[in-house]
1. Spot the failing condition for residue 188; the list is (1) surrounded by fewer than 20 Cβ atoms within 10 Å (Cβ to Cβ); (2) modelled with pLDDT under 95; (3) in a helix (DSSP H, G or I), and only one is missed.
2. Would you confirm whether any residue within the stretch 224-243 is at pLDDT below 95, over 25 Å from residue 113 (Cβ atoms), surrounded by 12 or more Cβ atoms within 10 Å (Cβ to Cβ) and within 29 Å of the chain's Cα centre (by Cα)?
3. Give the residues of the stretch 485-494 that are surrounded by fewer than 16 Cβ atoms within 10 Å (Cβ to Cβ) and assigned to a loop (DSSP other than H, G, I, E, B), sorted by residue number.
4. So, residue 103, is that one surrounded by 15 or more Cβ atoms within 10 Å (Cβ to Cβ), at pLDDT 80 or above and among the acidic types (Asp, Glu) or not?
5. If you check residue 253 against the conditions, is it in the same structural domain as residue 152 (by TED's automatic domain parsing), under 22 Å from the mean Cα position of the chain (by Cα) and surrounded by fewer than 21 Cβ atoms within 10 Å (Cβ to Cβ)?
6. Can you tell me which residue within the stretch 453-502, out of those that are on the phi > 0 side of the Ramachandran plot and at pLDDT 90 or above, is nearest to the chain's Cα centre (by Cα)?
7. Test residue 199 against the stated conditions and say whether it is assigned by TED's automatic domain parsing to the domain that holds residue 177, in contact (Cβ under 8 Å) with a residue 40 or more places away in the chain and at positive phi.
8. Please determine whether any residue of the stretch 51-64 is at pLDDT 85 or above and either more than 21 Å from the chain's Cα centre (by Cα) or not in a strand (DSSP E or B) (or both).
Amino acid sequence: MNIEGKLLGSRYEMIEKIGNGGMSTVYRAIDKVLKRNVAVKILRDEFTTDVEFIKRFEVEAQSAARLAHPNIVSIYDVGVEDNLYYIVMELIQGKTLKEIIVEERGPLPWKWSVNVAIQIASALETAHRNNIVHRDIKPHNIIITEDGIAKVTDFGIAKAVSNSTITAFGTTIGSVHYFSPEHARGGFTDAKSDLYSLGVVMYEMLTGRVPFDADTPVSVALKHMQEEPEEPIEVNPNIPFAINKIIMKALKKDVTLRYQSASEMLVDLRKALKDPEGDFVEDLEYDKTARTQKINTDIYENMPNYNTNNREKSNKEENKFVKFIKNHKVLSVVIGLMLLFGISLGGTLGVLSITNPPEVDMPNVVGLSKEEAQSKVEEAKLKFEVTSEEYNKDVQEGLVISQDPFYMEKYHKVKQGSTVKVVISKGQEKTTVPNVEGKEKQEAIKLLEEAKLKAEVIEEASKTIQKDYVISQETAKNTEAFAGDIVKIHVSTGVKQATVISVVGKNRR
């Protein structure tokens, strides 16, 4: 559908198509109210037929719109018109990081790459503090401005897409190379999943290729889950030691061994700029192994039979059973192997029961009250957590707006004991209509927007009011309204002039 020249929301004039993605088509547009260029993303048709997706999309887009950070593309507005669902956002002049990588056809300079990674991590730090996980960090979603500033786009939108019952095939193909193992297997994703994806982006910037590649998206996903990546320093020997360790830590399959927050990763990235060959990156896997070995050694050395004072006594008091075993070596080997097998089997089953709990059905709690949702989640042997309460015009106060992981109609199972995070509705937000009569038009619009209202300008001539000043407003001042409501304001086009014709010398009739 060609919508160039169309006016969306009585405000955004579509000028030209400037991009195409798996989820949307992007247009350059002019905001007729604020007189500025903006980017408008129009969702693809396959998403707009799913009612549940649209609800999630609106909630996620509104959440993302609250993010304010120099490395995050600002969202100005979200709307729908004639079945066109759109997001109005900051228009960035620049190239995507993917375009830069493709153009270079090889590794990018390590200092430049680390600076870009720092900016992305900084954006993620702010988002994660606001309980927003991106879930689709990849070079295609990172724009580098003409000044070299990295801007991350599509915050929150990926969550709505990934939870949708629609299969965004094009999106999956483009994104699977950057999926975390837990994302690839359809498990619970959180802030640490974004850090894994950032590790993949760093790997690609510094080597010119992704850590895992294959002929099909499924094969790539399996590699993320099952294979260890080749260390980037082996692909590009010019990568500094510390940066190689940062990437490998971000790419750990076990989430407990990765960076636990963007803030933690930022500390190491900044250190790497100053000391690129330093050995300061903490290897949690090595530390865990070393601690286990030390504990085992301490236990071994403190056992009574190995204590120097008790060793002689032990030898003297050797019982008949031990002597019997010593005199029957073959039998002792068999008994030893049986004991070893029993201990190993018991240990393995114990570890599996802890690390690999059974799967349970994910309940659907969207639209339920907090108490009903909690009861349903706990009945399924899952943990319940309210992450935030948000205003929502479509969901009644006290009901669940969204859940994470999202419920899928068929075959959606999660590990027993997993946490189900929910957002509770505070109902439709209310606001007070400000007095804008007599105000200059732009000031009036700004006052209404600050009150979370939308202005609809109706121009008319006036005999007394100066041009571009508000004559009247249709919604009375100081009255209560819902956030997002439209307030019509009548703005003067100036005093209407009449042309006087000459009647000198004319007949009175």
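1. Here residue 188 meets the rest and fails (3).
2. Yes, the stretch 224-243 contains a residue that is at pLDDT below 95, over 25 Å from residue 113 (Cβ atoms), surrounded by 12 or more Cβ atoms within 10 Å (Cβ to Cβ) and within 29 Å of the chain's Cα centre (by Cα).
3. To start, the set of residues in the stretch 485-494 that are surrounded by fewer than 16 Cβ atoms within 10 Å (Cβ to Cβ) comprises 486, 488, 493-494.
Result: 493, 494.
4. On the way: surrounded by 15 or more Cβ atoms within 10 Å (Cβ to Cβ): no; at pLDDT 80 or above: yes; among the acidic types (Asp, Glu): yes.
No, not satisfied.
5. Working: in the same structural domain as residue 152 (by TED's automatic domain parsing): yes; under 22 Å from the mean Cα position of the chain (by Cα): yes; surrounded by fewer than 21 Cβ atoms within 10 Å (Cβ to Cβ): yes.
Answer is yes for this residue.
6. Looking only at the stretch 453-502, we keep the residues that are on the phi > 0 side of the Ramachandran plot, and these are 468, 478, 484, 494.
Subset that is at pLDDT 90 or above: 468, 478.
On the way: 468: 42, 478: 38 Å.
Restricting to residues being on the phi > 0 side of the Ramachandran plot and at pLDDT 90 or above, the top hit is 478.
7. Details: assigned by TED's automatic domain parsing to the domain that holds residue 177: yes; in contact (Cβ under 8 Å) with a residue 40 or more places away in the chain: yes; at positive phi: no.
When the stated conditions are applied, residue 199 does not pass them.
8. The initial filter retains those residues of the stretch 51-64 that are at pLDDT 85 or above, namely none.
Within the stretch 51-64, not a single residue is at pLDDT 85 or above and either more than 21 Å from the chain's Cα centre (by Cα) or not in a strand (DSSP E or B) (or both).
The values are calculated or read from the model by the stated rules, or taken from the named source; none is laboratory data. Note that the structure is predicted; figures quoted are calculated from it, not measured. Note that we place each Cβ from the backbone using ideal geometry, even for glycine, and neighbour counts take in every protein chain shown.
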